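Okay, handing you the structure first.
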Amino acid sequence: MKRAVVVLGTFSVALLMHRILWLTPIYRELHGALPFYVAESLKNLLELGICVVALLAMGERHIAGALGLDRRVFRGLAFGLACTAPMLIGFALTRRSDVHDPLAVAYLAFFAPFIEEAISRGFAFRTLRRLGWPLWTAAAACALLTGIAHVEKGQTAWSILGLFWITGVGGFAFCWLVERWQSLWFPLALHALMNFWWEVFNVAPTALGGWVAFTLQTACILIAIFVTLFLTPSRRGRLQPIGEDRLGDRGELHVRRALVDLPDL
């Protein structure tokens, strides 16, 4: 229970990092003097940093493995590219590409989603699962906090509700993807490429972009779900406890072979 409190507390602080840093003059000055992604990148690094510190404090020594970043990189990228094809095709047919600041697009499409997936699904969700939380309970907790963190971008009651719905449901689906694939690269690639097409075609400043955009977003999520159901088994095995030594698939195979080859005594 104490570890779960640490995880949820750390995750909440990470989600509130912008508001916390806004209390400092230097962060406000950075926002005013430089492009927004400079200060936001520093904020993101702090978010990831406190999550890594929390993992280390709980005895975890394999940070990449704990976050789900140590396997299936290229398959995850291919998955994201295939599943976001509706957004690419739909926006290409209905909009024009309009990129004014490539660095801003790179930040919004790749760096920011990487940090969000690392702290939301890699840290919070996967750690809660390894602490014994049921799949849907852990996913709901992370999706709820993620949805609440995004509503501040809304200007009206309907936009706030819409942002909470899209980011909350999307976060729930991404948690499920991590669980099925046992790799953060699948939801990360899906998230990053959805953002990329959104920014390349300059759809809207928030995740709300009208019914056409909403339909394309939903199509991408549904395709990801169907592909995952078709290609992955339902995982009910034992989860890796925090801090337990990892041999990895090859290491376990070598151990098994060594045991088989031992002579009878």
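Mind counting the residues in region 82-101 that are closer than 16 Å to Leu193 by Cβ and surrounded by 14 or more Cβ atoms within 10 Å (Cβ to Cβ)?
Keep residues of region 82-101 that are closer than 16 Å to Leu193 by Cβ, which gives 82-92, 97, 99.
Applying the additional criterion that residues be surrounded by 14 or more Cβ atoms within 10 Å (Cβ to Cβ) yields 82-88, 90-91.
Counting residues in region 82-101 that are closer than 16 Å to Leu193 by Cβ and surrounded by 14 or more Cβ atoms within 10 Å (Cβ to Cβ) gives 9.
I'd like to know if region 196-206 contains one or more residues that are of a type outside the set (Gly, Ala, Ser), open to solvent by 40 Å² or more (accessible area, probe 1.4 Å), modelled with pLDDT of 70 or more and part of a helix (DSSP H, G or I).
yes
For region 65-85, check the following and say yes or no: at least one residue is among the acidic types (Asp, Glu) and assigned to a helix (DSSP H, G or I). Can you show your working first?
At the first step, the residues of region 65-85 found to be among the acidic types (Asp, Glu) are 70.
Filter again for assigned to a helix (DSSP H, G or I), leaving none.
No; the residues of region 65-85 include none that is among the acidic types (Asp, Glu) and assigned to a helix (DSSP H, G or I).
Restrict the check to region 44-52 and report whether at least one residue is open to solvent by less than 80 Å² (accessible area, probe 1.4 Å), farther than 21 Å from Leu8 by Cβ and assigned to a helix (DSSP H, G or I). Steps first, please.
Of all residues in region 44-52, those open to solvent by less than 80 Å² (accessible area, probe 1.4 Å) come to 44, 47-52.
Imposing the further condition that a residue be farther than 21 Å from Leu8 by Cβ reduces the set to none.
Within region 44-52 (the criterion being open to solvent by less than 80 Å² (accessible area, probe 1.4 Å), farther than 21 Å from Leu8 by Cβ and assigned to a helix (DSSP H, G or I)), the answer is no, since none of the residues qualifies.
Something else now. Could you grab me the full set of residues in region 1-16 that are exposed (fewer than 10 other Cβ atoms within 10 Å of the Cβ) and under 11 Å from Leu128 (Cα atoms)? Walk me through it before giving the result.
First pass over region 1-16, keeping only residues exposed (fewer than 10 other Cβ atoms within 10 Å of the Cβ): 1-2, 5.
Of everything in region 1-16, those that are exposed (fewer than 10 other Cβ atoms within 10 Å of the Cβ) and under 11 Å from Leu128 (Cα atoms) turn out to be Met1, Val5.
Output yes when any residue across region 103-121 is acidic (Asp, Glu) and under 12 Å from Asn202 (Cα atoms), and no when none is.
Residues of region 103-121 acidic (Asp, Glu): 116-117.
From the residues that got through so far, the ones that are under 12 Å from Asn202 (Cα atoms) too are none.
There is no residue in region 103-121 that is acidic (Asp, Glu) and under 12 Å from Asn202 (Cα atoms).
Going through region 17-40 one residue at a time, which ones are surrounded by 15 or more Cβ atoms within 10 Å (Cβ to Cβ) and not charged (D, E, K, R)?
The initial filter retains those residues of region 17-40 that are surrounded by 15 or more Cβ atoms within 10 Å (Cβ to Cβ), namely 17-18, 21, 27, 30-31, 37, 39-40.
Across region 17-40, the qualifying residues are Met17, His18, Leu21, Tyr27, Leu30, His31, Tyr37, Ala39.
In region 102-142, what count of residues is obtained for those that are over 13 Å from Gly68 (Cα atoms) and either open to solvent by 50 Å² or more (accessible area, probe 1.4 Å) or not in a helix (DSSP H, G or I) (or both)?
11
Kindly evaluate Arg72 against the criterion of being modelled with pLDDT under 95 and either closer than 13 Å to His191 by Cα or surrounded by 17 or more Cβ atoms within 10 Å (Cβ to Cβ) (or both). Spell out the reasoning first.
On the way: modelled with pLDDT under 95: yes; either closer than 13 Å to His191 by Cα or surrounded by 17 or more Cβ atoms within 10 Å (Cβ to Cβ) (or both): yes.
The answer is yes for Arg72.
Suppose we filter Thr94, Thr84 for residues that are modelled with pLDDT under 95 and within 30 Å of Phe226 (Cβ to Cβ); which single one remains? Quick ask: steps written out before the conclusion?
Details: Thr84 fails: modelled with pLDDT under 95.
Every option except Thr94 fails the conditions.
Give me the pairs, please: first residue somewhere in region 1-23 and among the aliphatic types (A, V, I, L, M), second residue anywhere and not in a helix (DSSP H, G or I), beta-carbon distance under 8 Å, and either six or more positions apart or on two chains.
Ala4/Leu131; Ala4/Trp133; Val6/Met58; Val7/Leu131
The values are calculated or read from the model by the stated rules, or taken from the named source; none is laboratory data. Since this is a predicted model, take the numbers as computed values, not measurements. Note that we place each Cβ from the backbone using ideal geometry, even for glycine, and neighbour counts take in every protein chain shown. Side chains included, ligands, DNA and RNA excluded: accessible areas come from the protein's heavy atoms. Shrake-Rupley method; radii C 1.70, N 1.55, O 1.52, S 1.80 Å.
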